[in-house]
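Bear in mind these aren't lab numbers, they're just calculated from the coordinates by the rules spelled out. Just so you know, these numbers come straight off a predicted model, no measurement behind them. Counting neighbours? That spans all protein chains shown, and the Cβs are built from the backbone with ideal geometry, glycine included.
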Amino acid sequence: MQGIGQQSDEEKRLRELFLKSRQQMEIVPSPTLAPKPTPSPAPSPLKQLYPAGTPEATAHKSPSPGATISRPTAEREEESASSQQAEAGKNETPSTPTIEKETPSPTPKKKRHWFFFGKSDSDESIVVQKSGAEGGQDLVPAPGGGGILWQYLTPAVRKAIDDARVARNRWKYIIVHNSGTRQGNARIFDYYHRHVRKMPNGLAYHFVIGNGTSSGNGQIEIGNRWVRQINGGHVHSDYLNYISIGICLVGDFNRDLPTKAEYQALDELIRYLRRRVGKVDGRYSIVRGHKEINPRPTDCPGNRFPLNWLHKSFPD
């Protein structure tokens, strides 16, 4: 019985040794599984991702931008380590230009900004904004002379009109005024508006046409409001001032008539401005006398000013 007991103890000991050895055999495969998270197979998914197309695919696979940077560096080290991986790198070289071609993609958008500055004759957006000139308010390119012989629109005046950054669909009206005085010019009116009427932007009009007293007969003077493309102060309405160009003829047309030079200069200026600002709602700027549009009663541009001539010369 003791022999049987001793044998059973030996069998138990052998069995325990066998179980221990078996457990060790189960632990042995763990090193074989360990290389799976190692970076050695990491280049293989990158080789599949780069030819796949866009960097968005790689960004989708990589959880962080740091991982996307570390993987290319590991590939470069592997390519320099062995000639086989260098050959694989040659196969991957076309993938890098694809990324370089996509990174400069914003450059065409920068070119579109040139339209905002009126550097191109083509219409691109309307981006705008462009902040007042964005979206549908891109700038209107200058129309050019078109071979017309202007008598009062001198090259300097046309250049100043063209250089202004005119927004599309901005100037819906052109309003004609008289100064109510028999003499004056843009500088005199600017002083009066700035210091007497306390207007921060000075001269209320965008343009002044002289009658030969304080400036040349038919001389066109350009106000700061046109140069800066800001609203006028010539109509008793903030909204109308924002969409209306103001032209003042020097004279009191309740007593006198405009000079012939003033008629001709006004005709040239309105025709040029209509071309310059472009069409609004499918038609050119509407030309009106001050009293025809002002919310408050006024006799400007004077009872003797021929509004019928104005309407026939510049129909809506």
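Can you tally the net charge around SER214? Count Lys and Arg as +1, Asp and Glu as -1, for every other residue whose Cβ sits under 13 Å from the Cβ of SER214.
Neighbourhood net charge equals 0.
Starting from the Cα of ASN224, step 7 Å along the direction of its Cβ; do the same at THR298; then give the gap between the two resulting points in nm.
The answer from the label model is 2.1 nm.
How do LEU203, LEU139 rank when sorted from fewest to most other Cβ atoms within 10 Å of their own Cβ?
LEU139, LEU203
Using the Cα gyration tensor of region 155-313, with a ≥ b ≥ c the square roots of its eigenvalues, what is the shape: rounded (a/c below 1.5), prolate (a/b larger than b/c) or oblate (neither)?
Since a/c stays below 1.5, the shape of region 155-313 is classed as rounded.
What distance in nm separates the simple spin-label points at MET199 and ASP162, each placed 7 Å from Cα in the Cβ direction?
That separation, rounded to one decimal, is 2.9 nm.
Over 23 Å between Cα atoms: which of LYS260/LYS312; LYS172/LYS198; LYS172/LYS291 fall into that group? Don't jump to the answer; show the numbers that get you there.
On the way: LYS260/LYS312 17 Å; LYS172/LYS198 27 Å; LYS172/LYS291 17 Å.
Check vs 23 Å cut-off fails for LYS172/LYS198.
Calculate the spin-label point distance for HIS236 paired with TRP309, positioning each point 7 Å from the Cα along the beta-carbon direction, and give it in nanometres.
Taking the simple label geometry, TRP309 and HIS236 are separated by 2.8 nm.
Per-residue counts of other Cβ atoms within 10 Å, averaged by peptide: what ranking do you get for 180-190, 284-294, highest first?
On the way: 180-190: 17.7, 284-294: 20.1.
With the highest mean Cβ count within 10 Å placed first, the list reads 284-294, 180-190.
Classify region 174-231 as rounded, prolate or oblate, taking a ≥ b ≥ c as the square roots of the eigenvalues of its Cα gyration tensor: rounded when a/c is under 1.5, otherwise prolate if a/b is larger than b/c and oblate if not.
Oblate shape, in that a/c is at least 1.5 and b/c is the bigger or equal ratio.
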